[in-house]
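To keep things clear, I will list the structure first and then write my remarks on it.
The values are calculated or read from the model by the stated rules, or taken from the named source; none is laboratory data. Since we're looking at a predicted model, the values are computed, not measured. Don't worry about glycine lacking a Cβ; one is built from the backbone with ideal geometry, like all the others, and counts go over all protein chains shown.
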Amino acid sequence: VPAGRRSRISGWLWSLVAAAVYRLGLLRLLRPWTNRWELAPGRSPLVRRRRSRKVQILSLHRVAPGEDGYLSPLPLVAFEERMEFLARRCSVLALDQAVDALVRHDVPENAVVLTFDDGYRDNYLHAFPILEGLSLPATIFLVTGSIGTGRLIWHDRVFRAFGETRCVELTGFPADGQRHRLDDAGQREHARTALLRWLKTLDEERRDEQIARLAERLEVEDARVSDGLMLSWDEVQRMHARGIGFGAHTVSHPVLSRVSDERARQEIDASKREIEARLHCPVRAFAYPNGSQRDFSAATKRLLREAGFDCAVTTIFGTNEPAAEPPLDLLELRRMGLVEASLPAFAAKLDLYRFVAHPSDGSRVR
Ligand SMILES: [Zn+2]
């Protein structure tokens with residue numbers, strides 16, 4: 001069976017099992033047990049008494065009723081359903097509370113933290129009313145150069161180019177002789193995903209040039225600004241006054257391990273200073289752009305410490321626990337994306353990942 005088909009089948013089986021487990025209420029029945037024991041794959045004994053309670057940090061970006069040609073949002077209905085589930089079944093903590101709890105070895109049962117990266121305006125329009133209605137805390141990590149300016153983060157320039165093109169084919173990109181068919185939405189998405197992956201490997205300057213060249217090949221304008229896609233400072237201030245936390249996510253979203261230390265320092269310090277000046281309060285949390293293990297270094301962490309950050313979130317998949325081995329590093333907090341379409345799959349995975357010991361395998365948020 002080809003790998004693609006196999007993963008589709010396993011995805012389908014997984015949804016079916018998750019739906020059954022969820023509908024039959026098995027998650028709740030299993031919890032007293034899964035809250036005391038954990039599975040340690042590849043170790044002996046395979047099942048052992050859990051060492052400590054875990055904090056699961058969820059990583060979100062956009063929340064909107066439908067697609068708009070930029071980075072795909074989580075559908076509003078799915079978001080609302082999940083937040084209601086979390087409010088009912090979990091202890092949703094603010095990020096700083098969770099960090100305190102980890103440091104004091106005093107994590108509550110089923111602890112979850114909500115984080116949003118980049119600073120999209122839909123966080124204010126769609127996510128915030130739901131969070132406020134359910135009294136759920138959350139932290140938004142701002143790319144400060146885009147807040148109030150509408151400057152597009154580079155991935156949105158790519159989304160927009162593919163969304164607007166009338167071309168049915170992209171040829172000679174990235175290299176001579178390469179060809180991508182663009183006849184339908186599926187083909188466009190396939191090409192876009194492949195090119196985004198490639199663009200991530202380039203340094204900033206080359207990436208910028210290549211996106212401009214891509215727009216030219218796709219015969220669209222390389223728009224660098226969009227009204228209403230990113231938050232304004234006024235919206236940030238309004239949410240902050242009503243309990244939403246804010247963290248820094250650089251000024252222009254560079255991959256920090258690929259720029260000079262001097263440049264990294266500017267990006268880190270300037271984003272922190274701007275949020276502090278606008279909100280009149282200290283900023284202590286940071287999110288690494290891209291956020292996988294190779295996207296930051298020991299030098300990046302040193303810069304964060306010098307700038308006065310207490311914690312930093314990655315996109316390395318996993319949970320956070322006080323008694324971890326190797327010891328918990330507050331500048332490398334693990335997160336999970338849980339992008340499943342259905343609530344049962346979301347709920348089942350949340351429990352499963354708490355039950356499996358230290359599932360940090362260095363891969364990207366799932
Ligand atoms: Zn980001």
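In the set Glu306, Glu274, Glu267, only one residue is within 14 Å of the ligand (Cβ to nearest atom) and among the acidic types (Asp, Glu); that residue is Glu267.
The set of residues from segment 176-186 being at pLDDT 85 or above and loosely packed, with under 15 Cβ neighbours inside 10 Å comprises Gln178, Arg179, Arg181, Asp183, Asp184, Ala185, Gly186.
Per-residue answers, yes or no, for (1) at pLDDT 95 or above; (2) closer than 23 Å to Glu276 by Cα:
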{"position": "Ile130", "(1), (2)": "yes, no"}
{"position": "Phe141", "(1), (2)": "yes, yes"}
{"position": "Thr144", "(1), (2)": "yes, yes"}
{"position": "Gly150", "(1), (2)": "no, yes"}
{"position": "Thr193", "(1), (2)": "no, no"}
{"position": "Asp234", "(1), (2)": "yes, yes"}
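Of the strands (runs of 3 or more DSSP E) contained entirely in segment 22-97, those carrying at least 1 residues that are hydroxyl-bearing (Ser, Thr, Tyr) and modelled with pLDDT of 95 or more fall at 55-60, 91-93.
Leu199 fulfils the conditions (1) farther than 30 Å from Arg166 by Cα; (2) within 16 Å of the ligand (Cβ to nearest atom); (3) crowded, with 18+ Cβ neighbours inside 10 Å except for a single criterion, (1).
Of the residues making up segment 192-225, those that are assigned to a loop (DSSP other than H, G, I, E, B) and under 21 Å from Val255 (Cα atoms) number 5. Right, Ala101: buried (at least 17 other Cβ atoms within 10 Å of the Cβ), more than 18 Å from the chain's Cα centre (by Cα), modelled with pLDDT of 95 or more and within 29 Å of Phe309 (Cα to Cα) or not? Here the answer is yes, as Ala101 does meet what is asked.
Sort out which residues of segment 106-124 are β-branched (Val, Ile, Thr) and either under 18 Å from the mean Cα position of the chain (by Cα) or closer than 19 Å to Arg62 by Cβ (or both), and write them in order of number. Hits for segment 106-124 are Val112, Val113, Thr115.
So that you can scan it fast, the table gives a plain yes or no per residue for (1) among the charged types (D, E, K, R); (2) closer than 21 Å to Phe141 by Cβ; (3) at pLDDT below 90; (4) not in a helix (DSSP H, G or I):
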| site | (1), (2), (3), (4) |
| --- | --- |
| Lys301 | yes, yes, no, no |
| Phe309 | no, yes, no, yes |
| Pro326 | no, no, yes, yes |
| Leu330 | no, yes, no, yes |
| Arg335 | yes, yes, no, yes |
| Arg354 | yes, no, yes, no |
| Pro359 | no, no, yes, yes |
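Do we find that Gln266 is under 24 Å from Asp203 (Cα atoms) and either outside any loop (DSSP other than H, G, I, E, B) or touching a Cys at 6+ places or on another chain (Cβ under 6 Å) (or both) in this structure? It is true that Gln266 is under 24 Å from Asp203 (Cα atoms) and either outside any loop (DSSP other than H, G, I, E, B) or touching a Cys at 6+ places or on another chain (Cβ under 6 Å) (or both).
The condition (being without any contact (Cβ under 8 Å) to a residue 12 or more places away in the chain, under 21 Å from Ile268 (Cα atoms) and hydrophobic (A, V, I, L, M, F, W, C)) is satisfied by just one residue among Leu142, Leu152, Leu202: Leu202. Scanning segment 148-171 for residues that are farther than 17 Å from Asp222 by Cβ and not polar (S, T, N, Q) yields Gly148, Val168, Glu169. Would you check if Phe309 is crowded, with 18+ Cβ neighbours inside 10 Å, under 20 Å from the mean Cα position of the chain (by Cα), within 18 Å of Val103 (Cα to Cα) and of a type in the set (A, V, I, L, M, F, W, C)? Answer is yes for this residue. Taken over segment 225-251, the criterion of being surrounded by fewer than 17 Cβ atoms within 10 Å (Cβ to Cβ) and of a type outside the set (A, V, I, L, M, F, W, C) is satisfied by Asp227, Gly228, Ser232, Asp234, Gln237, Arg238, Arg242, Gly243. When we screen Ser59, Ser44, Ser91 for residues that are surrounded by 17 or more Cβ atoms within 10 Å (Cβ to Cβ) and free of Cβ contacts under 8 Å to residues at least 24 places away in the same chain, the only hit is Ser91. Pairs meeting the criteria (first residue in segment 278-300 and touching a residue at least 24 places away in the same chain (Cβ under 8 Å) and near the ligand (Cβ under 10 Å from one of its atoms), second residue in a strand (DSSP E or B) and among the aliphatic types (A, V, I, L, M), beta carbons under 8 Å, at least 6 apart or on different chains) are Ala287/Ala248; Ala287/Ala312; Ala287/Val313; Tyr288/Ala312; Tyr288/Val313; Gly291/Val313; Gly291/Ile316. Is it the case that some residue within segment 241-259 is in contact with a helix residue (DSSP H, G or I) (Cβ under 8 Å, 6 or more places away or on another chain), within 16 Å of the ligand (Cβ to nearest atom) and on the phi > 0 side of the Ramachandran plot? Looking through segment 241-259, at least one residue is in contact with a helix residue (DSSP H, G or I) (Cβ under 8 Å, 6 or more places away or on another chain), within 16 Å of the ligand (Cβ to nearest atom) and on the phi > 0 side of the Ramachandran plot. Restricting attention to segment 24-37, report how many residues are of a type outside the set (A, V, I, L, M, F, W, C) and surrounded by 10 or more Cβ atoms within 10 Å (Cβ to Cβ). Residues in segment 24-37 being of a type outside the set (A, V, I, L, M, F, W, C) and surrounded by 10 or more Cβ atoms within 10 Å (Cβ to Cβ): 4 in total.
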